[in-house]
Amino acid sequence: MNGKAAEKHRHEALAAGHEELPRHRHVIGRTVTKILIPFIQLFGLYVIAHGELGPGGGFQGGVILGVSVMLYILVFGLKEGSRRVTTNARDLLVSAGVLIFGVIGLLSLPLGGKYLQYGALLDDPRMGNHLGIMGVEIGIGITVAAVMITLFCEIVRRDDDD
Amino acid sequence: MSIIESAVPLYAVLVSLLATVLIGLSGRYPNVRETWTISAALVKFGLVVSMLPAVMKGGVIQYNAVSVLPGLNIAFRVDSLGIILALTASFLWIITSLYAIGYMRSLEEHAQTRFYMCFAVALSATMGAAFSANVFTLFIFYEIITVSTYALVAHDETPEAVSGARRYLTYLLGTSIIFFLPAMVLTYIYAGTLDFHSQGILAGKAPAVMVAIILLLYIVGIAKAGMMPFHLWLPSAMVAPTPVSALLHAVAVVKVGVFSVVRIVLYVFGVDLLAGVGLGVYLAYFACLTIIVASIMALRQDNLKLRLAYSTVSQLSYVVLAVALLTPSGITSSIMHITIHAFGKITLFFVAGAIYVATHKKYISQLNGIGRQMPFTMSGFTVGALSMIAVPPVGGFVSKWYLAMGAVEAHMLPVLIVIAASTLLNAAYFLPIVYAAFFKEPLPGESPGFQEAPALVVAPLMLTAAGALALFFWPALLLDLTRTVVSLVT
Amino acid sequence: MIDIAIPLFLVICGIAVVFVRDLFGSIMIFSVYSLVMAIEWVRLNAVDVAITEASVGAGISTVLFLAVLGKTRSREAPKGRFNPGAMIITVCLGAILLYGTADLPALRDPNIPPSAHVVPEYISNAYKETGVTNVVTAVLASYRGYDTLGEVTVVSTAGLCAIMLLRRVAGDAKDSGPAGWEGLRK
Amino acid sequence: MNKELPILIIVVPLLAAVLTPLLGKLRRELSWWAALLTTSACFVFSVLILQDVLREGKITYWLGGWRPPLGIEYVIDYLNAFVLVIVAFMAFIGAVYARSSVEQEIDGHRTPFFYAVYLLFITGLMGIVVTGDIFNIYVFLEITSIAGYALIAMGRRREALVASFNYLIVGTIGATLFLLGIGYLYLVTGTLNIADLALRLEGIYHTRAVATAFVLITVGLGIKIALFPMHAWLPNSYAFAPSVISAVMAATATKVGAYALIRIMFSVYNPEFLTAGAYNINYILLAFSGVAILAGSILAIAQKDIKKMLAYSSVGQVGYIVLGVSLMSLTGIVGSLMHILNHALMKGSLFLVVGAVVYRTGITSIEGFKGMGKKMPVSMAAFTIGALSMIGVPLTVGFVSKWYLAVASIETGMWFFVPVILVSSLLTAVYFWRVIDNIYFKPAEGDEAGRGRGHGVYGDAPGAPGVKAADAPPWMLAPTVAVALLCLVFGVYASFPVDVAEKAAGILLGEWGGLHVNN
Amino acid sequence: MMIELLLTKYNYWVCIVLMMIGLYAMMAKDNLIKKVIGLNIFQSAVLLFFISMSKIEGGTAPILMLNQQALYDNPLPQVLMLTAIVVGVSVTAVALAIIMLIYKAYGTVEENLILEMNKRNE
């Protein structure tokens, strides 16, 4: 009996979902977003790269990147968004970041270092560390961005999207 | 005394376990199945006998199977005390299985495969208990017996069978876990070892109070010995098929119970320690109480098997009483009584079964004149009864004679009185049956005339009856073995 | 003064979040709460944390909450029930913590054990060893890089979990979520 | 190579985990193979590590090459190696078992992610075990917890979702308290490295902050291991999770939690603090564990659903582990460690058998086990072994630990725990006997085979109706039997694990004399 | 002056209060989303605890100024808390995912109603 109730609620939920994603595709909104998004992403990348010198780093940058894509999805709808960042691409990126991090760590093993000992990557341990940190930050950024997008998509998806 | 390292005791235990597997596999071919049982029984008996000469010479056969933890070994030790139980059990297993085949087939029992498998397991465990070299091993086999016989008691799968089996399990498992196990732990902590030693291992290791506590725990924990008030499992286990009752109440279970008591009293505490602390006396009176009360209860039963059960309870306490006297004759008596009572009581149970097979009668009040229908059976019953009452020329007399002597040695007149009283009681609850069977007129509507049970049922009980007689005329073997034990422990 | 005001405001927000009955409202207040939190971090010179808090607490979390709220159309029951058991446990926790706080070193005290033991080495060596001026980043990515690997793993775990739980594939008729389908059929 | 083992055992499953879904996109079967190979590799690694530890006594590994207080350090001694092998082994068993049961219980397209999360779960557990840095413990604790929440939510019934959500809330409370405890410790010592902490705590055990930190951490971990008053999340989670997850979680998660607790108690804090200190913390723990032991068993008796019954018995078993540890004696700790081992084995085998039954019949009620002895003989034999071990029958591994616990409680003068142990063993016997009775002595519903009289002179002879045996598929049966047999093997040849456990306990207690021994 | 005195423990107390609020919300509230919000507050309280301990009187943000000497705040708690935040959002995400499924399966996210349904099914 509660089964039926649940069914009913679910349909409401679907309806809700319909309103949730913007049907009205205002020209202004779209153009503004189109213009805005590249800058947001650029800023994200900057935050990632800037991690060594000032505040920020892979995580924060990743989130910003993720937000930019979310914005896109919010404005253009999930279908359009999924066309830009396909499901497979997302899954790939989710794993890719961790892989980058882990592998960078592993690289130093054959070079006689401990795990994650970037110092061993180059002759000058300091530069090695710098390089390693940068790579790691990038890895973090990728994964975080991908995960944020994934979460958003999986939760926002309407049940008839697929 | 010479110590011989040999794996024979291990084989003696494993034979019937192997048989279990084979029985299980050949469940669909009854004759093959029964062949396995019989041959296993014979082989086992053979193995035990093969160890006899060495032991007769006062040797001890030892074998260390595995050591679970430092100080906890599964080890075997064949000495004269152990081999007495082993001989009795393995010999009676042969007969019992013959009887079981006749009984089960003529009653068309169900689940016979499970029956024979559990039977075999129980026997292996009995061997293990008889040959165990330390408390730990004893405990393990003690538990195995409990669990394997559960299936036998619950055999009928009728509600009362199941509930009876439940109670059986609760009593035996419960007491052994709650009392036996901690007793073992305490022994281990104080003595630092669990291996049996003919002078005891606790002597001088534990304060008197502790000794008393541990002894109490052991006595209460070994409920298989049927001491009051933990005897109740015995009657309730009567729902089992008769061969099982015979095995339970004459050989495997109860005898392992009293055997364990003897073993622990003599080989864990040691005569001197107990005598020193003066605990024997209390144990003895405790046993006396059980003897009298159980006999009186037996008097009030109309169900034949129940009466036998209560008689068992009281007879078992003879063993405990005798060993508690801590005198040579007393110990002799207790050890001999293990075997002698086994023969007598198994005969009686076989008879009960035979009557049930032939006439489906369970109650004593129905037995008037049955002696004419089943002369062989009832003569067997007479012998068994006489053995219980301890009338010459039946084995029972021998052990009771030594018991009386032990009481005198221990200067305990009350015990003598108890013995006399219980003898009268025994007579009072067995002789009427014999009288009714032979001299009373059958109840109206009974077809007089000869209707004996199948040969496979009657033959075994005649054999055991003969055994009971033989033990009176040729007690030599038993006596020698007992003497060696006594000479070691006192 | 501001150091008193901001935390106080946090507490107020917190209470409001919990006791406002309209979920949309309380989510909104929660995002405000996060923003104030971020400001507090800035006050405490934890810039990286501030950025993160702002982008995650006020950004992502809020979005996710709103999305779920929209999907579930959830309204909290009009009247709340006071739960004594919960209150007791809560008070116990508070008591224990208060007890423990009693002899914690004073805030902002420059010579507490942490500033004496490991940290000085970070600060003095960070640039020499890693060539990174942001010590936070240096520690995050190099000295305690392994923790960060774990952190990334946590994130991707969350991602994978979300996919595992929520994703549905086209044409898979019987499939509509990992659980609950037997439940629904009842 | 050998030098790098400690890190490989973490990084290999971690990277494999994130690769698995990608492999699964190529072909779904690959994801299972990935999980299988990875877990088996981990098992091999763990055994090698154990060998190294037995040879060298203690392995340390500086991550990133930074020296300990600065960087994160791995410290592996007998204790870690012991637990590590258990976890890796059960993970491997679970992976083998998963093939059939996951195929049935999880939608096809989810399986790659399922295996990925499964691997992450295992990674987290092993990460907790090998690390020597207390904050690192927290990070991996969260990895394994998050994975665990999701895995439980994959159960087939919708109750699984609620159970998982409750676990998530409670578990996060626990983890957060743990983190706060770390905060207190860090504030008063300035370090996160366990060994370093032990050094710097020396002088300041009397301070309230340190005591509070201990309380916070203990409560946090207590929630994770479901110590009695904090056990509420456990039964439903185990009852509704997918079969393989119930088995693996019951066998590993609580064990690792217990490991962490032991570490905190003995490697961060020390026996003096626990016993002599201003607050006799070990008595409090003893009280809790005693209650847990009894309450767990009693609650288990009340259950009708077998998975719930097993779950509640886990609550009791956790009590045993904590009991042995808080007895503060060598024997006691050995008892706990042995119990960690044998509870992993026996509870694992029991849950695996239940999973097999679910696979074949979908039944989880105790009633439903009637006549199973004929239907699934092998599985039921395994179940019986597990049950006997739970009761603590000699020759099963369950006996060994109870033996040590009993001896320890008498040695330390806490003799009144012996009755507690015995009574709970008895209760255990009661609730397992109900099941075994159903298995072997009750006919299955609607099947009256083998009842009453009159089916042939020969009993089970030809013609007697019997039930067609349909045991679990080999991929499920093999691991189940393997674990069950191990219950017997370690029950008979207990000396090796006991040896390791004794070494571990020796290190934990250090030169500490022990409580007053009164005999 | 008095404020200075207050400040020596102030943030600890705030942290405690926040934890209590969060804990109460998690245990007493029926609405699952509300529980998750409570969870977030509970965790953020711990952030406050750590970050407060990282601040040092007269310290500056731990971003090295290579040319001049300076007193820096403690970077380590900040690092730890970055991790903690990430953990927090991950847990939140999983919790929300589960809530979605619960809603699909039960048609509500009110705990008391859900428990009633479970009872009825037993």
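The values are calculated or read from the model by the stated rules, or taken from the named source; none is laboratory data. Computed from a predicted model, the values in this text were never measured in an experiment. Because the Cβ atoms are built from the backbone with ideal geometry, glycine has one as well, and the counts that use them run over all protein chains shown. Surface accessibility is based on the protein's heavy atoms, side chains included, excluding ligands, DNA and RNA. Shrake-Rupley method; radii C 1.70, N 1.55, O 1.52, S 1.80 Å.
Under 8 Å for C-alpha pairs, at least 6 residues apart: give me the relative contact order for chain D, rounded to a whole percent.
Details: 908 pairs, mean separation 74.2, N = 519.
RCO, chain D: 14 percent.
Of B:W401, D:W433, D:W415, the residue with the largest accessible area leads and the full order is D:W415, B:W401, D:W433 (1.4 Å probe). Straight Cα distances below 30 angstrom link E:K34 to the lysines A:K4, A:K8, C:K71, C:K79, C:K186, D:K224, D:K308, E:K9, E:K104, E:K119, with same-chain residues fewer than 8 positions distant left out.
Electrostatic bookkeeping for B:A298 treats Lys and Arg as +1 and Asp and Glu as -1; over the other residues with beta carbon under 12 Å from its beta carbon, the sum is +2. Distant-in-sequence amide contacts of B:I4, defined by a placed amide H-H separation under 5 Å and a gap of 5 or more residues or a different chain, comprise B:V60, B:I61, B:Q62. Over all distinct Cα-Cα pairs of chain B, the Kirkwood formula returns a hydrodynamic radius of 22.2 Å.
Taking only alpha carbon atoms, chain D gives an Rg to Rh ratio of 0.98, where Rh is the Kirkwood radius. In terms of accessible area, using a 1.4 Å probe and ignoring ligands and nucleic acids, B:D156, B:D272 rank largest first as B:D272, B:D156.
Helix-derived [θ] at 222 nm for chain D: sum -39500 (n - 2.57) over DSSP H runs of at least 4, divide by residue count, nearest 500?
Working: 20 runs with 375 residues, N = 519.
Computed mean residue ellipticity for chain D: -24500 deg cm²/dmol.
Hey, can you grab everything whose amide H is under 5 Å from the amide H of E:I56? Only 5+ residues off in sequence or another chain; H modelled, so Pro and N-termini drop out. HN-HN under 5 Å from E:I56: E:N74. Straight-distance candidates among the lysines for linking to D:K3, with alpha-carbon spacing under 27 Å and chain neighbours fewer than 8 residues away dropped: A:K114, D:K58, D:K255, D:K503.
Applying the Karplus relation 6.51 cos²θ - 1.76 cosθ + 1.60 with θ = phi - 60° to segment B:465-475 yields 3J(HN,Hα) values of 4, 4, x, 4, 5, 4, 4, 7, 7, 10, x Hz, where x marks Gly and Pro.
3J(HN,Hα) along segment D:119-136: 4, 4, 4, 5, 3, x, 4, 5, x, 4, 5, 8, 6, x, 10, 6, 6, 4 Hz, from the Karplus curve 6.51 cos²θ - 1.76 cosθ + 1.60 with θ = phi - 60°, whole Hz, x for Gly and Pro. Among the lysines, which have Cα under 16 Å from the Cα of B:K255 when same-chain residues fewer than 8 positions away are ignored? Filter leaves B:K224, B:K345. Under 5 Å between amide hydrogens, built in the peptide plane, is the criterion, and for E:N31 it picks out E:E111 among residues at least 5 positions away or on other chains.
What ranking do D:261-271, E:56-66 get when scored by the average of other Cβ atoms within 10 Å per residue, highest first? Write down the numbers at each step before the final one.
Numbers: D:261-271: 22.8, E:56-66: 17.0.
In descending order of packing, they fall as D:261-271, E:56-66.
Surface listing: D:K255, B:K440 arranged by accessible area from highest to lowest gives B:K440, D:K255, probe 1.4 Å. Rolling a 1.4 Å probe across the protein heavy atoms gives the protein assembly as shown an accessible surface of 31 Å² per residue.
Each residue was assigned an accessible area with a 1.4 Å probe, and for B:T175 the value is about 10 Å². When you count the other C-beta atoms within 10 angstrom of each residue and take the mean per peptide, B:205-211, B:428-434, D:109-115 line up highest first as D:109-115, B:428-434, B:205-211.
Which shape class, rounded, prolate or oblate, goes with the protein assembly as shown when its Cα gyration tensor gives a ≥ b ≥ c as root eigenvalues, a/c under 1.5 marks rounded, and past that a/b bigger than b/c marks prolate? In terms of gyration-tensor shape, prolate.
Based on DSSP H runs of at least 4 residues, each adding -39500 (n - 2.57), what is the mean residue ellipticity at 222 nm of chain B after dividing by all its residues, to the nearest 500 deg cm²/dmol?
Result for chain B: -24000 deg cm²/dmol, rounded to the nearest 500.
Helix-only estimate, please: 222 nm mean residue ellipticity of chain C, summing -39500 (n - 2.57) across DSSP H runs of length 4 or more and dividing by its residues, to the nearest 500. For chain C, the value works out to -20500 deg cm²/dmol. Here segment D:215-285 exposes an accessible surface that is 69 percent carbon and sulfur, computed with a 1.4 Å probe and the other protein chains kept in place. Residues in segment D:26-43 carry Karplus couplings, in order, of 5, 8, 4, 4, 3, 4, 5, 4, 4, 4, 4, 4, 4, 4, 5, 4, 4, 4 Hz; the curve used is 6.51 cos²θ - 1.76 cosθ + 1.60 with θ = phi - 60°, and Gly or Pro positions show x. Put +1 on the Cβ of every Lys and Arg and -1 on every Asp and Glu Cβ in segment D:75-209; which of D:V75, D:F135, D:G174 then has its Cα farthest towards the positive end of the dipole? The one lying farthest along the dipole's positive direction is D:G174.
Specify the residue with the greatest mean-square fluctuation among C:G94, C:G25, C:G145, computed from a Gaussian network of chain C linking alpha-carbon atoms under 10 Å apart. Comparing C:G94, C:G25, C:G145 in the GNM, the peak value goes to C:G94. Each Lys and Arg adds +1 at its Cβ and each Asp and Glu adds -1 at its Cβ; summed about the Cα centre, segment D:32-139 shows a dipole of about 100 debye. For segment A:59-116 versus segment D:137-201, the spacing of their alpha-carbon centroids is 25 Å. Chain E contacts chain C over a buried accessible area of about 7900 Å², both sides summed; the probe is 1.4 Å and only protein chains count. Remark on segment D:86-111: accessible area falls by at least 20 square angstrom from chain-alone to full-complex state for D:D107, D:H109, D:R110, probe 1.4 angstrom. Here segment C:77-154 is treated with +1 on each Lys and Arg Cβ and -1 on each Asp and Glu Cβ, and its dipole about the Cα centre works out to around 420 debye.
Dipole magnitude for the protein assembly as shown: computed about the Cα centre from +1 point charges on Lys and Arg Cβ and -1 point charges on Asp and Glu Cβ, it is near 2980 debye.
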